[in-house]
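Below is one structure, written out as C-alpha cells; the observations come after it.
Taken together, the values in this text are just the output of simple stated rules run on the coordinates, not laboratory data. This is a predicted model, so every value here is computed, not measured. So basically every Cβ, Gly included, is an ideal-geometry build from the backbone, and we count neighbours across all protein chains shown.
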Amino acid sequence: MNNALYKDIAKHLVSAEIEKREIEKVTSTMKQDLTVEEAYFVQEELVKFKLEDGRRIIGPKMGLTSQAKMQQMGVNEPIYGYVFDYMLIDDGGKVSLKDLIHPKAEAEIAFVIGEDIEGPGVTGTQVLAKTDYVLPALEIIDSRYENFNFTLPDVIADNASTSRVVFGTSLKKPELFELDVVGGVLTINGEIKDLGAGAAVLGHPANSIARLANMLARKGEKVKKGDIILTGAITGAVKLQNGDSVSAKFDGLGEVSFTVV
Ligand code: 0L1
Ligand code: MG
C-alpha cells in the first residue's frame, strides 16, 4: 500500500476536474506501473475527497460495458465509478461547456435499486428482482486526460470519466420490458448520431449491475437500496459542441434531453 501516493494522484485528478484542465495520464507522470487494483485505491481516495467536500453519492456507474469499448481498451472486464449529486442536470436542462473540459454524451439505461444486492455470484435475474424502476439517461463523460488518452488504470483512477448525468423523469417497472431488446437512439440537433439496444451492455443491462455487485464484493461492498445506477452506454460517445440539443429516446422507456450552452 502506498496511501500517500494514491492520495496525491487523487488530489491531482480532483484539481484537474475543478480547474477544468486537461492533464497527462497519471501512468506517464506519477506512477507508471499503476495496477488496476491500485487504481481503485486511488478512486477510493478521490471519492473520499468529494465526500469530505460535502458531495453525496447518487450511485455507482458502470463503464466500458460494450464489446467495442472493451476491445478498444484491450480488456475483458468493465469498470465502475461514482455519480455525485453535483453532477446531476435536470431533464431538459443545460450543460455548460465552461464547466467541463471536452465532454461527450452517450445514451444509457439507468436502474433504481429497491433492495441491497450483495455479491459474489449475483445474476442479472436477481438484479431485476431487486430493481424498483428503470429509466432513460444521458451520461456526459469528460476524461480529465488529454484527448481521452489513457490506460485502464488511468481511467479507473479518474472515476471512469464521470462528469454529468441527466436522468429521465419517467420511471418504469423493469418487468414491463425485455431490456436487452429495447432500442435507443442518440440524436443531436435532430440528427441521429448513433443507436443501439440494451444487449450492447454485457448482453443485458441487468448483467452490468450483477457484474458491479460481484466486483464490489471483492472489497466487501455492495449495491445499495436507493442507488440510481448507470448501466453503461448503448451508443457510442459523441463529442459535444456549444448549442447542441441532445436527446436519447428509448422504445417504451421514454426520452431524456439537454442542451449545451
Ligand atoms: O461511461 C463510460 O463507459 C466511460 C468509461 C471510461 C471510458 C471513456 O472515458 O471513454
Ligand atoms: Mg457511460
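Quick look at the values:
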item: Long-range HN-HN contacts of L202 with modeled amide H, under 5 Å; result: Q67
item: Region 28-68 shape via C-alpha gyration tensor axes, a/c threshold 1.5; result: oblate
item: Whole-angstrom gap from region 6-48 to region 149-190, using each part's C-alpha centre; result: 23 Å
item: Region 1-119: radius of gyration over Cα atoms, expressed as a fraction of 2.2 N^0.38 Å; result: 1.17
item: Links that overshoot a 23 Å alpha carbon limit, given the list K98/K239; K7/K98; K130/K173; K7/K69; result: K7/K98; K7/K69
item: Coordinate range along principal axes, alpha carbons of region 144-203, Å, largest first; result: 40, 29, 22
item: Among the listed pairs K61/K249; K94/K224; K25/K224; K172/K249, those beyond 23 Å (Cα-Cα); result: K94/K224; K25/K224
item: Principal axis box of the chain, alpha-carbon based, largest edge first, Å; result: 49, 45, 36
item: Under 13 Å, Cβ to Cβ, from V112 - net charge with Lys/Arg +1 and Asp/Glu -1; result: +2
